1. Give the shape of the range 188-287 as rounded, prolate or oblate, defined through the alpha-carbon gyration tensor: a ≥ b ≥ c are the square roots of its eigenvalues, a/c under 1.5 means rounded, and otherwise the shape is prolate if a/b is larger than b/c and oblate if not.
2. Just by accessible area at a 1.4 angstrom probe, what is the order of T9, T237, T179 from largest to smallest?
3. Would you mind working out the accessible area per residue for the range 185-317, using a 1.4 Å probe, and quoting it in Å²?
4. How high is the relative contact order of the range 147-271, in percent, counting Cα pairs under 8 Å that sit 6 or more residues apart?
5. Can you tell me what percent of all Cα-Cα pairs in the range 14-81 are more than 18 Å apart?
6. Could you work out the local net charge near T202, counting Lys and Arg as +1, Asp and Glu as -1, over the other residues with Cβ closer than 14 Å to its Cβ?
7. Distances over 23 Å make up what percent of all Cα-Cα pairs in the range 120-216?
8. So what is the 222 nm mean residue ellipticity for the chain from helices alone, if each DSSP H run of at least 4 adds -39500 (n - 2.57) and you divide by all residues, rounding to the nearest 500 deg cm²/dmol?
Amino acid sequence: MTINELLKTLATGGHLANVYLILGQADYLQRRLKTGFKASVPVDEQTMNFASYDMDTVPLAVALDDAMAAPFFGERRVVCIDNPQFLTGETKKQKVEHDIDSLQTYLGAPMDSTVLVFFAPYEKLDGRKKVVKQLKKVATAIEIGNFSERDVRQFINDQLKQDGYSMAPAALNELIQRTDANLTLMMSELPKLELFTHPEKTIDMAAVAGLVTQTLTQNVFDLVNKVLAKDTAGAVTLYRELLQAKEEPLKINAILQGQFRLLIQTKVLAKQGFSQGRLASELKVHPYRIKLALQMHRRFKLTDLNRAYLGLFQVERQMKSTAMAPEILFSLFMTQFAGYRVPA
């Protein structure tokens, strides 16, 4: 089952399975699905027949007790389990103990009148665990991980159509760029854009440019372009603007390193014949970032990418070991990088 099929089932009151597994880190879709599951219970029954339990603070046994109870004067009980870290391979100590054996027993014979939903905001689960294997056999699984750019465009256009709005293609391109094609960010920006363009209900480029702030990652992406173009003045100016926006120097440097590492990996693997989809899967990076990296890497030599990457490690080391201002350290890096000449 796809995310859209489940949303349609929830919206139309269709038949629901006894157990669902919602896997992925798309916050917006997690919230929307939870709202849909809650709405599947009549409003006057929700107090008694809908519950959500955070496994970071509540024992699993409490949620299972609720799941095993019959609906209170209703046909259906919905129980949501949030943050089930015990399904992953993470080793950090949990605050509460969870009775995994009881969960396996429940999954062996789920209550017909209960819809049990696991909201797992993770990239993947630990498939070696017995409980995970059993859950995957029993549950209807919905993956809401990294969406392709095409999927994001379709989702936004569908939402705009539902709201009675339209968006110019150039404006949608700009929104995607400023948010790194992050569906959660894009959906959080839509109400503001719709309010601003009411009553015309047409969102244009000016609205997006004026109201949507670029993410730090996108600003750093612009900074990467200036670095590789050896535009020292432009790079230092943008770096200064990020500092004035209260961005942490070490964080900026870390994202810069990550961007150059991605460009190097993309250049090397693309030369070996890796497709865009395979690159995204292999590097575990959002497909939109891979698309941008593929557009960029062809314009620059691997030697320049390596020099910039190593130079930024030196900047990080100096930030941690000297009292020099980050802006001066970055300026020195740019001066050395831009002034470098390949020996004859």
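1. Verdict is oblate for the range 188-287.
2. Most to least solvent-accessible, the answer reads T237, T9, T179.
3. Working: 6730 Å² over 133 residues.
Ligands and nucleic acids excluded, the figure is 51 Å² per residue.
4. Details: 86 pairs, mean separation 26.5, N = 125.
The normalised contact order for the range 147-271 reaches 21 percent.
5. Details: 902 of 2278 pairs.
Tail fraction, whole percent: 40.
6. Computed value for this residue: -2.
7. Counting pairs separated by more than 23 Å, the tail of P(r) holds 38 percent.
8. On the way: 17 runs with 202 residues, N = 344.
Calculated from helices alone, the mean residue ellipticity at 222 nm is -18000 deg cm²/dmol.
The values are calculated or read from the model by the stated rules, or taken from the named source; none is laboratory data. A quick note: this is a predicted structure, and the numbers were derived from the prediction, not measured. When we count neighbours, we look across all protein chains shown, and the Cβ atoms used for this are built from the backbone with ideal geometry, even at glycine. With ligands, DNA and RNA removed, areas are computed over all heavy atoms of the protein, side chains included. Shrake-Rupley method; radii C 1.70, N 1.55, O 1.52, S 1.80 Å.
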